[in-house]
Amino acid sequence: MDIERLKTRAAEITETENQRLLERSPGSASLFERAVKSMPAGVASNFQAGDPYPIYLKHGSGSTVWDVDGIDYTDFHGGFGVNVVGHAHPAIVEAIRAVADQGIHFAVSTENTVALAEEVCSRFQLDQMRFVNSGTEATMDAIRVARAATGRDKIVKMEGSYHGHHDVVLFSVVPEADVLGLRHNTEHEDKPYYTTHPTSKGVPHSMWGDTYVTPFNDASAVEALFADHGSEIAAVILEPVMMNIGIVVPTPGYLQALRDLCDKNGTVLIFDEVKCGGTIAYGGTTERFGVRPHLAAYAKALGGGATIGAFGGEAAIMEWVTKGAAQQGTFNGNPLSVAAGLAALTKVLTRDAYDYMGKLGTMLAEGCDRAIADSDLPAHTVDLGAKGCVSYRKEPLTNYQDFLETVPELYYASYPWMVNRGIFMTPGDEEQWTVSVQHTEDDVQKYIDAFGEFCQELSR
Ligand SMILES: Cc1ncc(COP(=O)(O)O)c(C=O)c1O
């Protein structure tokens, strides 16, 4: 299909559907007016902001959420990949109620803390782990421990990747598509790796040279970097499946090549499994792709919806937390979060649960594939356990530069279209769907039908 015609059609749909969304959400509009007085952008996190305002939710149950206007939606937003257990799962609600009755916080480890640590270690093949409160803390602490263990300062991350909002990883992060090219340091212009200006204000200038960037799925770029700077590099951190630009899977051999390069250079390989750990397989990336990192970071699905994170890996590296690398936190191992996490991992997120979510995900991706083919759209789907997505480019993506070739106008149109038809999604062009153990085939069919109508509308 002619791409310019498609963009024009998408712009028309965006305008009509955004207008309709505004008309359906007077409750969100008035809550926003109140919210901006106490919170910048009227939300608790920049990722929750909306244009001109976000849809505010009131409650959720099973696979459904309700907004403040009383409209119900089937939830494929999934709390940014947290809610593979669905909403208000009885096993998790019961676990939280039971511990809340016995004291909400101690800042002292309990038997449940030990039981959850054992479960995380065995499930993800870690020698040892420590709890934190978020994905940001998990990657931050993993990097600090890697620096302590190696006595080195520099780290390597992949172009366009997101690892949370601490300083050292705020370089080359989506969204910065239009400026990325302008941010390369000239010093490294002729190399397959580079350092860049940060994507956030407030990152000290003294840190700007500490983070090297290489393209995802390019082990030779990391090899070239090691050849020049190997003895300075503490850690290579990556999402083994990139999940912030749609979904980009690792090419065969890539993860193992990184592991081999890190072993050879005395560098710590860190997998950021914050999003993929609890969603793509029972045992995360290690199980799905068969490669073990030295350290890994977890959060999101680990707590069954409660606030938690963890990082762990080889004992010889983890022991640095008792040899001078700061790793602490008042709320680490909070009883409510630990009880929710224990119930989620041991009672809900079983191997059968991943089989079930995998089947739903495949049904969803195949349904979307049919709709894309029928309308001959420049798009493809990715199907990976509880996660999947539609990306608006004909061929699968291998890295961030490929993501820049997707057609953002189609995302801008699909978001309000889907929301207006009862499918709750993350806004923007970089997120994906999450299915849960409480979703049904009917829920998935509802998504496929709405998406199919969207494709037909686009190609009219
Ligand atoms: C891969 C990845 N790492 C780290 C984080 C940060 O986690 P949190 O938002 O819990 O701080 C995220 C959040 O989206 C993520 O997707």
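Placing one equal scatterer on every Cα of the chain and applying the Debye formula, the log10 ratio I(q)/I(0) at q = 0.07, 0.12, 0.13 Å⁻¹ is -0.35, -1.09, -1.27.
Averaging 1/r across all pairs of distinct Cα atoms in the range 2-94 and inverting the result yields a Kirkwood radius of 15.3 Å.
In whole angstrom, how far apart do the alpha carbon centroids of the range 203-224 and the range 111-129 sit? Cα centroid of the range 203-224 versus Cα centroid of the range 111-129: 32 Å apart.
Translational diffusion coefficient of the range 257-303 (Stokes-Einstein, Kirkwood radius from Cα pairs, 25 °C, 0.890 mPa s): 221 µm²/s.
The amide H of residue 242, built 1.01 Å from its N in the peptide plane, has 248 as neighbours under 5 Å, considering only residues 5 or more places off or on other chains.
Scan the chain and note any complete DSSP helix (H) whose C-alpha atoms cover at least 30 Å along its axis and whose Kyte-Doolittle average is -1.0 or more. The answer, listed by residue number, is 351-375. Of the solvent-accessible surface of the range 32-120, computed with a 1.4 Å probe and all protein chains present, 53% belongs to carbon and sulfur.
Please give the direction-averaged projected area of the C-alpha convex hull for the range 271-351, in square nanometres with one decimal. Walk me through the intermediate numbers first.
Working: hull surface 22.9 nm².
Answer in nm², one decimal: 5.7.
Heavy atoms only, 1.4 Å probe, whole protein assembly: order 380, 197 by accessible area, highest first. Let's see the in-between values first.
Details: 380 15, 197 85 Å².
Solvent-accessible surface, decreasing: 197, 380.
When the accessible area of the range 413-460 is split by element with a 1.4 Å probe, what percent falls to carbon and sulfur?
Here carbon and sulfur together make up 41 percent of the probe-accessible area.
Surface exposure of the chain, expressed per residue as accessible area with a 1.4 Å probe, stands at 41 Å². Ligands, DNA and RNA aside, residue 59 has an accessible area near 100 Å² when probed at 1.4 Å. Only helices enter this figure: runs of n ≥ 4 DSSP H residues, each worth -39500 (n - 2.57), summed and divided by the residues of the chain, yield -12500 deg cm²/dmol at 222 nm to the nearest 500. Of the two radii for the range 42-116, the radius of gyration is 1.07 times the Kirkwood radius, both from the alpha carbons; that is the Rg over Rh value. Working from label points 7 Å from Cα in the Cα-to-Cβ sense, the residue 107 to residue 350 distance is 3.9 nm. Counting protein heavy atoms only, the range 301-402 has 53 percent of its accessible area on carbon and sulfur, 1.4 angstrom probe. Put simply, the amide H of residue 64, placed in the peptide plane, has neighbours under 5 Å in 75, 87, leaving out anything fewer than 5 places away on its chain. Across 239, 395, the residue with the most accessible area heads the list, and the full order at a 1.4 Å probe is 395, 239.
The values are calculated or read from the model by the stated rules, or taken from the named source; none is laboratory data. Owing to the predicted nature of the structure, the values given are computational and were not obtained by experimental measurement. Note that each Cβ is placed from the backbone with ideal geometry, even for glycine, and that neighbours are counted across all protein chains shown. In case anyone asks, the SASA skips ligands and DNA or RNA and just uses the protein heavy atoms, side chains included. Shrake-Rupley method; radii C 1.70, N 1.55, O 1.52, S 1.80 Å.
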